[in-house]
Every structure is written in structure tokens, then in C-alpha cells.
Amino acid sequence: MKTRDDLLAELQDPNVQAFLRVIRAGEGTSGIDGYRTLFGGKKFEKFDAHPGIVTTASGYTSTAAGAYQFLARTWKALVEQYHFPNFGPQCQDEGAVALIIGRGALQAVKAGKLAEAITLCNREWASLPG
């Protein structure tokens, strides 16, 4: 099982960093406020925990929040596994790497196999094609 130190180490890889930017672009959170963006575009203020705010936009309802639009239940599971102390930007980046690992896509990401990585992760992030 991976640890937070493992996630931090993977974050140093330039291809991992680039893939995280791809995800954020797709999720509409690549701007300066991306880490505090709720589904639908509104912002939340505190990073002490996932906001868990239910938002309805364009006919969809979601608890998605942050740079990678984590659902509240997904974030809860990540906190249970990795003991993230908050929902701050560093923890969100680590959580996204954990989800990439969970989808079996880390090696494709690190090897620069973008199409393969997207295919492996498109069920995690609906904004990815496929």
C-alpha cells in the first residue's frame, strides 16, 4: 500500500505534474481559485475539510469540490486511507495521485502515454474523453 510519502515522491515526476494539469483543465479548475472551486463554479473558503456542499448546476447535483472535483465520499475514503489533515492544495494534489494509482494509470502517466492514462482515468474524472 502506498503512503503519503510515496504520493509526494510521485508528485515530483514532471509527467505526473503535467497530467494533473490536464485533469484540472478538463475539470475547469486550472485557475488560481481551482483548489477552492465547487461543482458549478462557486467557491468555498476553508480548507480544513472537504466542504461537502451539495450543489446543483446544469441539471446535475454533486458534492464535487477542489482542483480535481473530489466527491465528498471519494475524499472521505482517501482521508481514511492516507490520513490527510485537511483539504488544502497539497493534500488535493496527493489525493489526485492516489486516484491515478488506484486506476492503475501511474506507469502510463509517468511514461508519457497520455491516451492510455486518459482511458484508464476517464471513469474517475468525467471530463476526460471516453
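Any read-out appearing in this document is the output of simple, stated calculations on the displayed coordinates, not a laboratory observation. These figures come from a predicted structure and were not determined experimentally. Methodologically, a virtual Cβ is constructed for each residue, glycine included, from the backbone with ideal geometry; neighbour enumeration extends over all protein chains shown.
Quick notes
- Packing-based ranking, highest mean first, of 54-62, 96-104, 69-77 given that Cβ atoms within 10 Å are counted: 96-104, 69-77, 54-62
- Across the chain, C-alpha contacts under 8 Å between residues 6 or more apart give a mean separation that, scaled by the residue count, equals a relative contact order of 26 percent.
- Estimated inter-spin distance, residue 122 and residue 12, nm [label 7 Å along Cα→Cβ]: 3.4
- In this rough spin-label picture, where each label sits 7 Å from Cα along the Cβ direction, the residue 46-residue 25 distance is 3.5 nm.
- Estimated [θ] at 222 nm from DSSP helical runs (n ≥ 4, -39500 (n - 2.57)) normalised by residues in the chain, nearest 500: -13000 deg cm²/dmol
- Converting the Cα gyration tensor eigenvalues of region 42-105 into ellipsoid dimensions via √(5λ) gives semi-axes, longest first, of 20, 14, 10 Å.
- Alpha-carbon Debye profile of region 1-101, log10 I(q)/I(0) at 0.11, 0.17, 0.18 Å⁻¹: -0.30, -0.72, -0.80
- Here the ratio of the Cα radius of gyration of region 1-59 to 2.2 N^0.38 Å is 1.36.
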